[in-house]
């Protein structure tokens with residue numbers, strides 16, 4: 001039995017109005033990415049990326065999205081992301097662009113990168129605080145962003161499920 005390898009792309013969806021992020025859903029993001037790959041790479045790119053391509057996670061508050069796809073087509077997908085200028089969701093067109101943060105082999109490596117990235121972002125925000133209360137809230141957020149024992153078990157279980165899907 002051969003294991004099919006996947007890649008995970010950690011992206012940030014940037015919009016001008018943060019309230020537009022709440023209107024996004026996984027199906028809209030998936031459809032937009034597939035349509036962009038079809039437009040840029042044609043039938044060949046569409047065929048490669050349509051097999052086992054999923055949006056594994058979408059955080060509508062922060063705009064973070066995990067894209068899962070076969071290892072063989074990650075360069076095609078990655079090269080098409082800069083051409084996304086809007087997402088159509090529920091009859092509305094939301095102007096946006098994708099910022100690729102990390103490419104990883106597992107969800108766990110992407111999550112670890114995301115924790116480091118968010119910590120760095122919070123440290124950049126700290127000197128810009130206006131008062132002590134705001135500074136204290138940011139410091140608490142920095143201290144609380146770590147994997148707990150329950151989180152590790154959940155991550156390992158997700159990886160096991162991912163490997164089982166690969167084997168089918």
query = Roughly speaking, what is the stretch gain from residue 139 to residue 71, that is 0.36 nm per residue apart minus the C-alpha to C-alpha distance, in nm to one decimal?
reply = 20.7 nm
ask   = Stretch residue 121-residue 88 to full length: gain in nm at 0.36 nm per residue minus the Cα-Cα span?
value = 9.0 nm
task = Compute the Cα gyration tensor for segment 1-147, then decide on rounded, prolate or oblate, letting a ≥ b ≥ c be the square roots of its eigenvalues: rounded whenever a/c is under 1.5, prolate when a/b is larger than b/c in the other cases, and oblate in all that remain.
result = oblate
message = Below 8 Å, C-alpha to C-alpha, sequence gap of six or more: please give me the relative contact order for segment 34-122 in percent.
response = 19
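Where a number appears in this text, it was derived from the coordinates with a stated rule and is not lab data. Quick caveat: nothing in here was measured; it's all calculated off a predicted structure.
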